[in-house]
Amino acid sequence: MFSLAQIASAVGCFILLVNLPAIFAPGKFLQTAKAFPRSKIPAWTLTALDLFWVAWIVLHASLGRFEFVKPALYVAAPLAFLLIAVFMDELLAPRALGGLLLLAANPVLAAARWHPSTWRLAMTVMAYAWVVVGIALVLSPYRFRQAVEWVNPTVERCRAWGMVRCLVGAAVLFLGLVVY
């Protein structure tokens, strides 16, 4: 289990790294963001990560009378990946991103639950926002492209929102390094 400081530091660094191109190369950032929903490599990578994480959770969970299912996961997870990649390839990248957001909220909430600082609520709110966005992306993956077009219609606005997101990342990194 990771501490809240480690998680916040990692999340802050990730937010900064993902959004720095929006400031320094907004045209390329917009092009990449608009192409993301139908891109295959990120879709397959995120799907594989989601399936690995879910399989790991199930393998380490107490399933009671369903313990006999665990050995089948070694075959079921790769088979599920192949079936998803072949038959659910339409807008798979936003769906897989939504699944990852849903999965990522759990360790954040587990680390924040018993932390003594009231600033833990910042990470708690962020985790629940991930859950809401994750549900929206899994159920309506076309919303990703709509959100990209709404938030970033021009290069200038893309740069401005990139700065806002980088400030959020810096704040989360600050929480991880100093507060927690």
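Each value in this text was obtained by applying a stated rule to the coordinates, not by laboratory testing. Computed from a predicted structure; not experimentally measured. Cβ sites come from the backbone with ideal geometry, for glycine too, and all protein chains shown count toward neighbours.
Side notes on the structure shown:
- Rel. contact order, % - alpha carbon contacts under 8 angstrom, at least six apart, the chain: 46 percent
- Counted charge near Pro37, where neighbours are those whose Cβ lies closer than 12 Å (Asp, Glu -1; Lys, Arg +1): +3
- Residues of type aspartates and glutamates that Lys40 reaches as a straight line, Cα spacing below 20 Å, ignoring anything fewer than 8 places off in the same chain: Asp50, Asp89, Glu90
- What you get for the chain, charging only the Cβ of Lys and Arg (+1) and of Asp and Glu (-1), is a dipole of about 200 debye around the Cα centre.
- Helix-only [θ]222 nm of the chain, DSSP H runs n ≥ 4, -39500 (n - 2.57) each, per residue, nearest 500: -26000 deg cm²/dmol
- Gain in span if fully extended, Val69 to Ser39, counting 0.36 nm per residue against the direct Cα distance: 7.5 nm
- The residues packed around Leu59, meaning those with a beta-carbon under 11 Å from its beta-carbon, carry a net charge of 0 if Lys and Arg are +1 and Asp and Glu are -1.
- Going from the fewest other Cβ atoms within 10 Å to the most, the residues Ile15, Ile57 appear in the order Ile57, Ile15.
- Residues Ile7, Ile84, Ile41, Ile23, sorted so that the one with the fewest Cβ neighbours within 10 Å comes first: Ile41, Ile23, Ile84, Ile7
- Proximal aspartates and glutamates relative to Lys28, as straight alpha-carbon distance under 19 Å, when same-chain residues fewer than 8 apart are discounted: Glu149, Glu156
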